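Read through the structure below, which is laid out as structure tokens, and then see the notes.
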Amino acid sequence: MAQERRNLYRILFVQPEAPPEMITAAYRCLMAQLRNDPDPGGNPEKAARINQAYQILRDPARRRAYDNSRRRPLSTRIRPAEGGSRAPRTAGRVCPFCGLEVPQRVDRDTRCLRCASPLEPVAYDLATHREPFGRRSAPRVEKNCRVTVHTAPDGAPISAVLRDLSVTGVGLNTAAPVPVGSNIRIEAIGMDVIAHVIKVQPNQRTYLVRGVLLTALYNRKSGMLVSASP
């Protein structure tokens, strides 16, 4: 197989800062999903890509060399916007779904120029204020509606059922596991959010996926889908 030129982290649906155990968990989830594929022929090319990505990212030295090879000037990593102009840049702030740097000013309706994901951040510090289960800072609203989940900007969407939603977190039932540590985009009528997956557990024939919201766009701040009250 030729050297994989795609983003190895994106193949495994993890972020570049993901710890080794998260990379291993994501790899196992993806391979289990392939083994459960109803197609008896499977997808050998996809399996080979996943295996190659895992072999590189699981090895500290090879991962470090790969990371160093990806460090290029920002001007070569950012795609031009429509009309040939480039998006305004600000160091250290990127779209949590596709990685493109975000505009200098972000408001409620600002979307990523590459993947159209919402960019207004949720007032929630994932690194230092991870919300523990059972001690939520905002009430969750029970739901049972269909939503569309994107696990990668260029991947096929999957169907899921929204179980509950608050201003800081979300719960879903999906037909297939979603890698812990990945960022997913969830779309439904009246909402478009990016969530960081922090827990996945089997639930009969589906998987219960829990995540914390990173960015969100709602048609209204309160109502049928979500309550904005603390």
Wholly inside the range 151-207, strands (runs of 3 or more DSSP E) that include 1 or more residues that are closer than 18 Å to ARG114 by Cα and among the β-branched types (Val, Ile, Thr) are 183-188, 191-203
Among the residues of the range 135-146, is there at least one that is within 16 Å of the chain's Cα centre (by Cα) and at pLDDT 80 or above?
no
If I filter the range 94-122 down to residues being basic (Lys, Arg) and within 22 Å of ASP154 (Cβ to Cβ), which single residue comes out as modelled with the lowest pLDDT?
ARG114
State whether one or more residues within the range 177-198 are exposed (fewer than 15 other Cβ atoms within 10 Å of the Cβ) and modelled with pLDDT of 85 or more.
no
Of the residues in the range 18-73 that are within 18 Å of the chain's Cα centre (by Cα) and part of a loop (DSSP other than H, G, I, E, B), the one that is modelled with the lowest pLDDT is ALA18
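The values are calculated or read from the model by the stated rules, or taken from the named source; none is laboratory data. Model, not experiment: these values are computed from the prediction. Ideal geometry is used to build each Cβ from the backbone, glycine not excepted, and the neighbour counts take in all protein chains shown.
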